[in-house]
Amino acid sequence: MTSFQRVTLTIALLMFASGANAFQAMDRKYIFFPERMLHATPAVAGLTFEEVYFSAADGVRLHGWMVPGEPGQSLVLFAHGNAGNISHRIDNLAHFHRLGVTVFIFDYRGYGQSEGRISEAGSYNDMRGALAWLKKNGWTPQQMIYFGRSLGAAVALQLALEEAPAGLVLESAFTSVARMGWHHQPVTYALFGWWALSSRYDNLGKIGRLRCPLLLFQGERDNIVPPKMVHQLFAQAPKPKTLYLIPGAGHNDTYNVGGPSYWKQWRVFIDTIVFPSE
């Protein structure tokens, strides 16, 4: 055994000896970037909203906002990305409000005012808890569109496989954590990443089981999630499906760069699946 192999083996043994907490610590270092402080509420955008506290599927106390839309419109269940918290998505909520839909956005455990510590399994339980709360308050999945951006795309996809909505919208979606690791740091990931991270978020392995209409958004200049990944997801997804590429958009500015054309895609998707022509 070479000295390099001995060092690698020693690191691996230390990680395994430390148990699950060590792997989750690596996830929090490289995947999850929560922020606790809420910088504003939807009121700064002139939006009426309800503060909501609810339980995840495993009992963790979570926090979210319900922003009502026009009567008879659908509801968007919004799973945000891996950084910040819901207060960083207020401008997005304002756009959805102009679209007329109701929006329920929440923070994963460890983000904002939600308790607990984030993990892949925990994020799925958080999304399940959000759906359970909505169902208790009169909404059905058939009235909803699940929307996930970046990390949230993986969370929304998982819920869609468990309880199919009227439609699923995924934005800046990656294929898997493993493939993201290979893309950004191939040498480091090859040596350490495959065993040091507990999260998988294997969207490519799951999307073929989807059983609802799908809309995919992707910025063509995304330097975080390479655009080739959305083409792989689109190829694997069953019909009906739509892929909308946004010229000039990166990872976090899709709806701003996309402008009216971006929101037109939303409007067409909603009208087609929630209010289909007879």
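Where a number appears in this text, it was derived from the coordinates with a stated rule and is not lab data. Only a predicted model underlies this, so the values are computations on that prediction, with no experimental measurement involved. Cβ: placed from backbone, ideal geometry, glycine included. Neighbour counts: every protein chain shown.
Against the compact-protein benchmark of 2.2 N^0.38 Å, the Cα-based radius of gyration of segment 28-273 scales to 0.95.
The value of relative contact order for segment 28-273, using C-alpha pairs under 8 Å at least six residues apart, is 15 percent.
For the pair Trp263 and Arg200, a Förster radius of 30 Å applied to the C-beta separation gives a FRET efficiency near 0.35, rounded to the nearest 0.05. Extension gain for His231 to Arg61 (0.36 nm times residue separation, less C-alpha to C-alpha distance): 57.5 nm.
Here segment 197-278 has an Rg and Dmax of 14.0, 49 Å, counting Cα atoms alone.
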